[in-house]
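J.: There's a structure below that I have some questions on.
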Amino acid sequence: MRNFEKKLADNTKKDNKWFFAYARSKTKSKVQVGPLIGSSSILVESVEDTADMLNNYFASVFTSEDTLSIPEPISMNSEAHMYDLQFTESDVL
C-alpha cells in the first residue's frame, strides 16, 4: 500500500486523474440514517421502514400542484432569427 501511494504521488504531476480517484475513494462517507422513532413511539430500525417513514413525511410537507390550470405556452414566430447576437469569452465565463 505504501509503495502504491508513493508511486501515485510521484505520478501526480503527469496524471492527476488517478490521484483524485484514489483520494475520492478514501473520503466516501458511509453515514446511515436511523434508527428513528415512529408516530406511536416505536423504534424504527429496518432500512425499508425508515425509507417508508421518511417518504411519508416528505410527501406530507409538499403540496400537489393543480395541473389542470397550467397556461398554454406562447407560440413564437419560427421565422424570427437573432443574427446580431454576439458573446465574448468573458460573457460565457
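J.: S69: among the small types (G, A, S) and at pLDDT 85 or above, yes or no? Show your work before the answer.
T.: Details: among the small types (G, A, S): yes; at pLDDT 85 or above: yes.
Here the answer is yes, as S69 does meet what is asked.
This table checks each residue for (1) part of a loop (DSSP other than H, G, I, E, B); (2) touching a His at 6+ places or on another chain (Cβ under 7 Å); (3) surrounded by 10 or more Cβ atoms within 10 Å (Cβ to Cβ).
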residue: K26; (1), (2), (3): no, no, no
residue: V33; (1), (2), (3): yes, no, yes
residue: S39; (1), (2), (3): yes, no, no
residue: Y57; (1), (2), (3): no, no, yes
residue: L68; (1), (2), (3): no, no, no
residue: P73; (1), (2), (3): yes, no, no
residue: S78; (1), (2), (3): yes, no, no
residue: D91; (1), (2), (3): no, no, no
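J.: Can you tell me which residues in the stretch 23-57 are of a type in the set (D, E, K, R) and either in contact with a strand residue (DSSP E or B) (Cβ under 6 Å, 6 or more places away or on another chain) or within 30 Å of K6 (Cβ to Cβ) (or both)?
T.: Filtering the stretch 23-57 down to residues of a type in the set (D, E, K, R) leaves 24, 26, 28, 30, 45, 48-49, 52.
R24, K26, K28, K30 - these are the residues of the stretch 23-57 that are of a type in the set (D, E, K, R) and either in contact with a strand residue (DSSP E or B) (Cβ under 6 Å, 6 or more places away or on another chain) or within 30 Å of K6 (Cβ to Cβ) (or both).
J.: Let me ask you something else. Looking for whichever is surrounded by 10 or more Cβ atoms within 10 Å (Cβ to Cβ), modelled with pLDDT of 85 or more and among the small types (G, A, S) here; the options are A9, A21, A51. Which one fits? So that I can check it myself, show each step before the final result.
T.: Working: A9 fails: modelled with pLDDT of 85 or more; A21 fails: modelled with pLDDT of 85 or more.
Testing whether each residue is surrounded by 10 or more Cβ atoms within 10 Å (Cβ to Cβ), modelled with pLDDT of 85 or more and among the small types (G, A, S) leaves just A51.
The values are calculated or read from the model by the stated rules, or taken from the named source; none is laboratory data. Values in this document were obtained by computation on a predicted structure and should not be read as measured data. Note that we place each Cβ from the backbone using ideal geometry, even for glycine, and neighbour counts take in every protein chain shown.
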